[in-house]
Amino acid sequence: MDWGKPKTPTRARRDPERAAWKPKQPEELGLKSVSSLMSWVGNDVVDLQHSGLHGKLENHRFLKRVFTKSEQSVIARAGESDIELWCLWACKEAAFKAFSKILPTPPAFIHSAFEVSWARMTQEESMSIRAGNVVYEGLSVSVSVNLSVGVLHAFAWTGPLNEPTKGAPPAELYHDLARLDEPGAPWSASYPELLEELTSEERTGVHSRESAAVRIGVRGSIANTLNVAQDHLQVIRPQGPSGRGHPLLLLDGKPSGIDISISHHGCWIGWAFLVTDND
């Protein structure tokens, strides 16, 4: 199949404003920082038009199970409580993915154990951006969520962006979001066609058309960002101690050192990756 030139994205989005924003350091909040380790990223996508999201505001058992009392108060006070709910949810999901990469044993995903607090909210044309922290058992990671019409995209990362910390190289956060049905896009092909574009190692971690599509998307995005050919890249899911591990980017069959996170929900796929100076 001839993919041609991808319609979008030609290059993943880099966030200079997000990189320049410096949240309070965990030590200032009385927390232990994980940012002195390697830079890791998690992301989550929520299709706000998905039918499975309806009615959660009235489901009090769901609210108590997923959100802390403080978060429930934030939801109740919000002008658009349903949007607030899913922004908090997505940040918890993204943070869980990041924490799972840095802790010796992946944490049990008890949503209410991951508490979100906002530090700032800004508006950029049609996009709203919220940023803050997620705390889990005294550890803190930075989070941000981009809210557009009908969809939101959350990221969590360890370490300051674009500045070295305790000997670790600085990292840049790149991300993108796409509709599965985007005309002419490589990821909008049929499931069998998408599988043809993946290696046998990649296919072992694929469980749906969406799962295949997001791999095509992140591979193309990284290839364009780093100016390398896509056929040098693979996205695999190596076996971990408790099943499949987190996605791993290979460059010429070897770990690339670029941490990635992929996500899909409803009509949307999204990804994020961190590039350090020594990549």
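Taken together, the values in this text are just the output of simple stated rules run on the coordinates, not laboratory data. Please read all numbers here as calculations on a predicted model, not as lab measurements. Ideal geometry is used to build each Cβ from the backbone, glycine not excepted, and the neighbour counts take in all protein chains shown.
Give me the dipole magnitude in Debye, nearest 20, for segment 13-276 about the Cα centre, with unit charges on the beta carbon: positive for Lys and Arg, negative for Asp and Glu.
My answer is approximately 820 debye.
What is the local net charge at R209, summed over the other residues whose Cβ is closer than 12 Å to its Cβ (Lys, Arg +1; Asp, Glu -1)?
Taking every other residue near R209 into account, the sum is -2.
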